[in-house]
1. With all distinct Cα pairs included, what does the Kirkwood hydrodynamic radius of the chain come out to in Å, to one decimal, could you say?
2. Sort 76-88, 151-163, 21-33 by the packing proxy (mean of other Cβ within 10 Å over each peptide's residues), most packed first.
3. What span do the alpha-carbon atoms of the stretch 95-219 cover on each of the three principal axes, reported in whole Å from largest to smallest?
4. Please work out the FRET efficiency for the pair residue 103 and residue 79, using the Cβ-Cβ distance as r and a Förster radius of 41 Å; give the result to the nearest 0.05.
5. What figure in square angstrom, to the nearest 10, would you give for the accessible area of residue 212 with a 1.4 Å probe?
6. Work out the P(r) tail for the stretch 140-180: percent of alpha carbon pairs separated by more than 15 Å, whole number.
7. Pop the C-beta distance of residue 33 and residue 215 into the FRET formula with R0 = 35 Å and round what comes out to the nearest 0.05.
8. Binning at 5 Å from 0, report for the stretch 52-133 what percent of all alpha-carbon pair distances ends up in each bin.
Amino acid sequence: HLERMIREGELVETERLPSERDLMRHFGVGRPSVREALLRLSKMGLVEMRSGERARVTRPTPQVVIDHLSGSARHMLAAPGGVHDFQNARIFFEIGLARHAAKHATDEDLRQLEAALEVNRQSIGDLRRFERTDVDFHYVLAQISRNPIFTAIHAALAEWLLEQRRTTLAAGEDQTAFDAHRLIFETVASRDADRAEAAMREHLEYGARRYTDVVGGVE
């Protein structure tokens, strides 16, 4: 009932819900039922709960939706073939971002992408910093879509596949990764969607192969 009221605008963003006692009285239920309902609404991103305060109506975001998938995603990653499945999902997703960027990036988008590339270059040799700037470069590419769902998916995939990135970079692949980023930038900047897609595909497929080689060698 509360979810419907929020969805239909009877309860608006930033508005506080009635107290637990008032909700108990209104719906004729006990405190456990009210708290369970509020907890579910919180997990849906519809209310914000703070200790000692009445719940406040909030607007769900793509990031909230993705965050709630993290537990299931990590379980799927641990299953046989799980990493491979997520690698393929990332490849499918990011080649689309590269094509879109090549067709629609503004001059300001390209300046930001080039700036991210330069920071990435400067971090070669510092694996922790390179890891962060690697993610940042791809994130700027995702932002060109101007779609918050895409940026949320990108952030989630980057987090879920963090172990793959760290494993391949630790194997001395930072220069190779930077060279791939530079080619991606150049193809996007030249507005060549086919070459941008091919550059992104090769970059991610190479990373997936290197991860398999390194992990296989360790095992």
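The values are calculated or read from the model by the stated rules, or taken from the named source; none is laboratory data. These numbers come from a predicted model, not from an experiment. Because the Cβ atoms are built from the backbone with ideal geometry, glycine has one as well, and the counts that use them run over all protein chains shown. Calculation scope for accessible area: heavy atoms of the full protein, side chains included, ligands and nucleic acids excluded. Shrake-Rupley method; radii C 1.70, N 1.55, O 1.52, S 1.80 Å.
1. Values: mean 1/r = 0.0504 Å⁻¹.
For the chain, the Kirkwood estimate is 19.8 Å.
2. Details: 76-88: 13.8, 151-163: 18.2, 21-33: 12.2.
Going from most to least packed, we get 151-163, 76-88, 21-33.
3. 45, 27, 25
4. Details: r = 36 Å, r/R0 = 0.88.
Once the sixth-power term is evaluated, E becomes 0.70.
5. 80 Å²
6. Working: 438 of 820 pairs.
When all Cα pairs of the stretch 140-180 are counted, 53 percent exceed 15 Å.
7. On the way: r = 48 Å, r/R0 = 1.37.
So the FRET efficiency works out to roughly 0.15.
8. That works out to 3, 10, 9, 12, 18, 18, 14, 7, 5, 2, 0, in percent per bin.
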